[in-house]
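**Q** Mind looking over this structure? Questions follow.
The values are calculated or read from the model by the stated rules, or taken from the named source; none is laboratory data. Just so it is clear, the model here is predicted, and its values are computed rather than measured. Neighbour counts run over all protein chains shown; Cβ positions are idealised from the backbone, glycine included. Side chains are part of the model used for accessible areas, which takes the heavy atoms of the whole protein and leaves out ligands, DNA and RNA. Shrake-Rupley method; radii C 1.70, N 1.55, O 1.52, S 1.80 Å.
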Amino acid sequence: MIKNYLKIALRNLTRQKLFSSINISGLAIGLAVCMLMMLYVAHETSYDRFHKNAKRIFVLNEHLKLGGQDAQMEYTSYMSGPMIRQNEPDVIGYTRTRKVFEDIIVEAPAPVSARFLESKMMFADPDFFNFFSFKLLSGNPSTVLCRPFSVVISQDIAKKYFGAMDPVGRTLKIKTQKSYLYTITGVAANVPSNSSIGFNFLASNSSLKMMPETASLLTDQSIEAGVFSTYLLLKHPQDSMRVQRSIQSLLKITPGTGVEKESLLLIALTDIHLKANFGDFSNIKYLKIFPLVAGLVLLLALVNYMSLSTARSTLRAKEVGVRKVSGASRRSIAMQFYIESAFFTLLSFILAYILCYFFKSWFLNILNLKIDASFLYSPPVLLTLSGLLLLTVLIAGSYPSIVLSAFKPAITLKGRMSKQTGGVTVRKVFTTFQFAISVGLIICGIIIDRQLYYFRHTDTGLNRENMLVIPISTSFGKQYQSFKKDVSALAGVSQVATSRQAIYKGGFSVLFVQDKNKHENIFMPVLYIDKGFIATLDIAWKIPPPSQNAITGAKKVVINELALTKLKLPANPVGKVVDFGGTEKYEIAGVVRNFNFFSMETAQSPLCLFIKPDTAESWGVTGGCLYAKIKPHTNLPTLIESIQNTYKKYDKETPFAYSFMDDAFNELYKAEDRLASIFSLFTGITILLASMGLFGLAAFTIEQRTKEIGVRKILGASLSSIASLLSVDFLKLVLLSILIGSPIAWWAMHDWLQGFAYRINIQWWMFAAAGLLAVIIAIITISYHALKAAVANPVNSLRSE
């Protein structure tokens, strides 16, 4: 019987090629989108679960209240782990790691003789590979990180530097702040893509004791904020809250730090990626939005499939009638259509998997995400895909089997089908629902695009156009002023300046300022700059200093307008003293206009600018960056090459790097850029699916009105009047969908815009543009069937009368 049903399904597939291809491809597109979304969601929610003791591992965080502001510190002192382990019996183990945030220079000596700029270096305790479940390909997990200047490298790094040679026992010269020779003691498998802990070079924590510049990091004898990630292994995960309360007594607030309140937090290892991600917070946004939109896309595809499956029901009506007259039960006929739907769904699923495979890289590039190939075939993913197939089969076959098996043979064999062919009203509801979603997504896409345009074209208070930013390492030392002078002398450079942090990229420092009544420590962002910075970046003065030399003296500070208000200073504060605690008192030399030194997602904040008279002295210890203002119509490749040659005169070790300030500014909105790209994709797919649904409704409705159209043509109706008559009914549905989709989109986007300190106003033309686009798409979709029916020979349609 099943074999017979499959033969009928194949026959219908080949007989109705257009409708079958539309039906299968439409469902495949919806399934492919759903697969990509499920892959993303499954990957994001699987972080760190591959560790054997993942449920019992917690990371120690510290919550602080500083100057009235809440802050959460993910790094603690070196002694935090041992002290907690000693005082809390339910903590049975700990391990510590320290990230190296800046890029490192790695050099392999002869016979390899390779030298590269690398990232992802980390220091760790000796028990790291026993504590976590990272796979060690060579080396003893218990001893690879015991000795100072031992390093474990990843599989990719081993291949990059040593090819087929065994790297264990060989050495690498690694430069962080200074250069040291490390012995390779092991090779680790590449860190899985769903790990919140990542490394290419894993060195022993005991190395830090041997380095003069880092030895002080290991001297803390109390639990406090520091530079180490401390991971604790608990006996039972359910005891985490009790342990958190218990270890609170070990924490002591250090006087004179400006800390008003301090507490310890235990965060589950499996929660770090989504709940304690201090880098890109967009993951949570995506996990809330993408599954919802993917579900809508799949729902549209299923609605289309069911609608198109019953659209040409008149062609199957006599078949159903004959089967029933021959003794077939409704149950057996329903089973037949369910098996046909399962067959078509399986074809769609296979096509969807192929589409998913080909578009996976493009999709992951948009999200700036890497997923290991092995994850694609992991049991959770395969189980999820199997569930998706089963769910699709159950839903897709339900409506066609119910509708088609309900035909009454006495009516179908007489050819009177108008009242029992699947429900015109139901189809209209489906189509309206599809276009409402499409219109809503179009509106959302327009608003997101306008918000991003607003970010990039609104005056931020400084000039970032044609501004080249060059990182400066500590290797320059006293030679920095000479380098700066040489760059400023280049023909294409109009101005140069220096800051310790790169604006929009390197963050800022923080100090605590006491208000004039000394009752409150105020949280104050700080930038360290030279005297050319303000002029080079075109930052406007509100209250200029008496002279440029007045801002570079010792104990001088420049503040912005918001700092003026926050510190409750008089309208002209020049000459007033600001207390940074203890003996740190600075005289205000001037006030600049407010400018955005970080993302426009957040409001402008108070700011202090410390102008260093001798940047070479400061930058030789901490490093910094040089800003070079490029003259218009300059040959950029030639100028950059000249700057690079100048750079190499003073620093032959550190690879030359540069960026443009406007690129760094745009990078701040990468999460919104990804969201816009994905919304464009979703919008295009929903429009396509809605058009398919409208195409099926038009085919079904016009087929029901074939004789009416023939009569109208015989009575003299023109081609245009018939096409207009058929189109108007469908356009009414589209207009209704616009009325439904618009307020929903307004509500969603209004809520989304509240997350930005600076935002656009939602305007009427955005809804009008989306509605007009929907109408145009509908007209194009309907026109095929409307014109085909209008030009048809009425004799053919009336022949049976």
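**Q** So, in the stretch 231-245, of the ones that are touching a helix residue (DSSP H, G or I) at 6+ places or on another chain (Cβ under 8 Å) and either part of a helix (DSSP H, G or I) or more than 16 Å from H51 (Cβ to Cβ) (or both), which residue ends up least open to solvent (accessible area, probe 1.4 Å)?
**A** Restricting to residues being touching a helix residue (DSSP H, G or I) at 6+ places or on another chain (Cβ under 8 Å) and either part of a helix (DSSP H, G or I) or more than 16 Å from H51 (Cβ to Cβ) (or both), the top hit is P237.
**Q** Can I ask one more? Do we have A769 as small (G, A, S), closer than 20 Å to I448 by Cα and modelled with pLDDT of 90 or more here?
**A** yes
**Q** Just to check your reading of the model, which residue among Q221, Q177 is among the polar types (S, T, N, Q), in contact (Cβ under 8 Å) with a residue 24 or more places away in the chain and under 30 Å from S475 (Cα atoms)?
**A** Q177
**Q** Report, by residue number, each residue of the stretch 175-205 that is in a strand (DSSP E or B), buried (at least 17 other Cβ atoms within 10 Å of the Cβ) and of a type in the set (S, T, N, Q).
**A** Scanning the stretch 175-205 gives T185, S204.
**Q** Hey, another quick one. In the stretch 701-735, which residue that is open to solvent by 80 Å² or more (accessible area, probe 1.4 Å) and more than 16 Å from A789 (Cα to Cα) is farthest from the chain's Cα centre (by Cα)?
**A** Of everything passing the filter in the stretch 701-735, K732 is farthest from the chain's Cα centre (by Cα).
**Q** Right, here's the next one. Cβ-Cβ under 6 Å, sequence separation 6+ or interchain: first residue in the stretch 259-278 and farther than 15 Å from Y75 by Cβ and modelled with pLDDT under 90, partner of a type in the set (S, T, Y) and open to solvent by 30 Å² or more (accessible area, probe 1.4 Å). Which pairs?
**A** So the pair list comes out as H273/S196.
**Q** Hey, P89 hits all of (1) under 23 Å from K160 (Cβ atoms); (2) open to solvent by 30 Å² or more (accessible area, probe 1.4 Å) but one; which does it fall short on?
**A** Result: P89 passes all but (1).
**Q** Considering only residues of the stretch 104-120 that are free of Cβ contacts under 8 Å to residues at least 24 places away in the same chain and not in a strand (DSSP E or B), which is most open to solvent (accessible area, probe 1.4 Å)?
**A** P111
**Q** Return the residues of the stretch 660-716 that are of a type in the set (S, T, Y) and closer than 19 Å to S783 by Cα; say none if nothing qualifies.
**A** The answer is S691, T701, T706.
**Q** Which is over 16 Å from S246 (Cα atoms), touching a residue at least 24 places away in the same chain (Cβ under 8 Å) and under 26 Å from the mean Cα position of the chain (by Cα), of F101, F50?
**A** From the options F101, F50, the qualifying one is F50.
**Q** Mind listing just one residue for me: the one in the stretch 365-380 that is in contact with a helix residue (DSSP H, G or I) (Cβ under 8 Å, 6 or more places away or on another chain), of a type in the set (A, V, I, L, M) and surrounded by fewer than 19 Cβ atoms within 10 Å (Cβ to Cβ) and, of those, farthest from R49 (Cα to Cα)?
**A** Ranking the candidates gives I366 first.
**Q** In this structure, is S386 among the small types (G, A, S), under 25 Å from Y40 (Cβ atoms) and at pLDDT 85 or above?
**A** Against the criterion (among the small types (G, A, S), under 25 Å from Y40 (Cβ atoms) and at pLDDT 85 or above), S386 qualifies.
**Q** OK, next. May I ask you to list the residues in the stretch 639-655 that are surrounded by fewer than 16 Cβ atoms within 10 Å (Cβ to Cβ) and either without any contact (Cβ under 8 Å) to a residue 60 or more places away in the chain or more than 36 Å from the chain's Cα centre (by Cα) (or both)?
**A** Answer for the stretch 639-655, where residues must be surrounded by fewer than 16 Cβ atoms within 10 Å (Cβ to Cβ) and either without any contact (Cβ under 8 Å) to a residue 60 or more places away in the chain or more than 36 Å from the chain's Cα centre (by Cα) (or both): E641, Q644, N645, K648, K649, K652.
**Q** Does F123 satisfy the condition of being touching a helix residue (DSSP H, G or I) at 6+ places or on another chain (Cβ under 9 Å) and open to solvent by 60 Å² or more (accessible area, probe 1.4 Å)?
**A** no
**Q** Identify the residue in the stretch 747-785 that is closer than 19 Å to V439 by Cα and β-branched (V, I, T) and, among all such residues, is surrounded by the most Cβ atoms within 10 Å (Cβ to Cβ).
**A** I782
**Q** Do you know which of the residues in the stretch 521-538 that are under 32 Å from the mean Cα position of the chain (by Cα) and open to solvent by 10 Å² or more (accessible area, probe 1.4 Å) is modelled with the highest pLDDT?
**A** Across the stretch 521-538, the extreme among qualifying residues is Y528.
**Q** Another question, then. Is it the case that the stretch 600-610 has a residue that's at pLDDT 85 or above, over 28 Å from K670 (Cβ atoms), in contact with a helix residue (DSSP H, G or I) (Cβ under 7 Å, 6 or more places away or on another chain) and buried (at least 17 other Cβ atoms within 10 Å of the Cβ)?
**A** Looking through the stretch 600-610, at least one residue is at pLDDT 85 or above, over 28 Å from K670 (Cβ atoms), in contact with a helix residue (DSSP H, G or I) (Cβ under 7 Å, 6 or more places away or on another chain) and buried (at least 17 other Cβ atoms within 10 Å of the Cβ).
Conditions (1) closer than 24 Å to L217 by Cβ; (2) open to solvent by 50 Å² or more (accessible area, probe 1.4 Å), marked per residue:
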site	(1), (2)
S138	no, no
T143	yes, yes
V152	yes, no
R170	no, yes
K173	yes, yes
